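**Student:** Following this message is one structure expressed as structure tokens.
The values are calculated or read from the model by the stated rules, or taken from the named source; none is laboratory data. None of these values were measured; they are calculated from a predicted model. Please note: Cβ atoms are built from the backbone with ideal geometry, for glycine as well, and neighbour counts cover all protein chains shown.
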Amino acid sequence: MNSEASELQKKYENRLAEWQEEKDKLKKDFEQTLEQWKSEEIITFEKKFKSEKKTFFSREKQKSAEISEKNAKEAFLLAGTFSAKFLMSFTDEHLEKKIIEKMIEDLNDFSAEKKQFIADLAEQNQVVVQSAYPINKQQQQHLLQVIKKLVPKKLNVDFSENPDLFAGLTIQIGSIILQANLRDELKFFTEINNGLA
């Protein structure tokens, strides 16, 4: 009887030991799984956080760039408006005379290719010269001479005034328009700096 009881006790103790071992193993497996899950979640979270952070800063950078560009455009337009008003106080016949002299000089320096290009596009015999102030006879003659060098054929040249040019002139030969005046220079300045020209 003692032998049976002893054996039963031994079996019970063995079974308890096995259960404890299984319990410890399950606990260890659970802890390992939990740690692995935590590590994976941390890695996933960090990746997601980095991605969202990058997206956020990218958006903020783009917003900042757009605001800077808008401010720069407004500043250039303001500068153009201010320059126009400021220069208006200096516009007179003397300034225009100097602009015309410079234009005559530049036109005389045109390369043969440029002259040929203008001559090819001068399909009509009509030339329109507009200036902010009346052009004196001497400068008219100089302009006629240089225009005839550009387009060596009989031309009808019409001189007229356009105060909107501020100072300077425009010469239209067929579909070609040559400009040397404050209005177009200021317009070009503000538009080129705003990506419009």
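**Student:** What is the number of the single condition among (1) touching a residue at least 60 places away in the same chain (Cβ under 8 Å); (2) crowded, with 17+ Cβ neighbours inside 10 Å; (3) farther than 19 Å from Lys187 by Cβ that Leu169 does not meet?
**Tutor:** (3)
**Student:** Kindly evaluate Leu178 against the criterion of being outside any strand (DSSP E or B), touching a residue at least 24 places away in the same chain (Cβ under 8 Å), touching a strand residue (DSSP E or B) at 6+ places or on another chain (Cβ under 8 Å) and crowded, with 16+ Cβ neighbours inside 10 Å. Let's see the steps before the verdict.
**Tutor:** Numbers: outside any strand (DSSP E or B): no; touching a residue at least 24 places away in the same chain (Cβ under 8 Å): yes; touching a strand residue (DSSP E or B) at 6+ places or on another chain (Cβ under 8 Å): yes; crowded, with 16+ Cβ neighbours inside 10 Å: yes.
Judged against the criteria, Leu178 is not a match.
**Student:** Only one of Gln140, Gln124 is free of Cβ contacts under 8 Å to residues at least 60 places away in the same chain and either among the β-branched types (Val, Ile, Thr) or in a helix (DSSP H, G or I) (or both); which?
**Tutor:** Going through Gln140, Gln124 in turn, just one is free of Cβ contacts under 8 Å to residues at least 60 places away in the same chain and either among the β-branched types (Val, Ile, Thr) or in a helix (DSSP H, G or I) (or both): Gln140.
**Student:** His94 passes all but one of (1) over 35 Å from the mean Cα position of the chain (by Cα); (2) modelled with pLDDT under 80; (3) within 30 Å of Leu144 (Cβ to Cβ); which number fails?
**Tutor:** His94 satisfies every listed condition except (2).
**Student:** Out of everything in segment 117-146 that is farther than 16 Å from Phe159 by Cα and touching a helix residue (DSSP H, G or I) at 6+ places or on another chain (Cβ under 9 Å), what residue ends up being modelled with the lowest pLDDT?
**Tutor:** Top of the filtered list is Ala122.
**Student:** Inspect all residues belonging to segment 4-20 and state whether any of them is loosely packed, with under 10 Cβ neighbours inside 10 Å and either outside any helix (DSSP H, G or I) or on the phi > 0 side of the Ramachandran plot (or both).
**Tutor:** Looking for residues that are loosely packed, with under 10 Cβ neighbours inside 10 Å and either outside any helix (DSSP H, G or I) or on the phi > 0 side of the Ramachandran plot (or both), one finds none in segment 4-20, hence no.
**Student:** Right, another one. Tell me yes or no: at least one residue of segment 57-71 is of a type in the set (A, V, I, L, M), surrounded by 10 or more Cβ atoms within 10 Å (Cβ to Cβ) and within 30 Å of Glu185 (Cα to Cα).
**Tutor:** Yes.
**Student:** If I filter segment 46-68 for residues that are at pLDDT below 90, more than 20 Å from Ser175 (Cα to Cα), touching a Lys or Arg at 6+ places or on another chain (Cβ under 9 Å) and assigned to a helix (DSSP H, G or I), do I get at least one hit? I'd like the intermediate steps shown before the answer.
**Tutor:** Going through segment 46-68, the residues at pLDDT below 90 turn out to be 46-68.
Filter again for more than 20 Å from Ser175 (Cα to Cα), leaving 46-68.
Okay, now just the ones that are also touching a Lys or Arg at 6+ places or on another chain (Cβ under 9 Å), so none.
No; the residues of segment 46-68 include none that is at pLDDT below 90, more than 20 Å from Ser175 (Cα to Cα), touching a Lys or Arg at 6+ places or on another chain (Cβ under 9 Å) and assigned to a helix (DSSP H, G or I).
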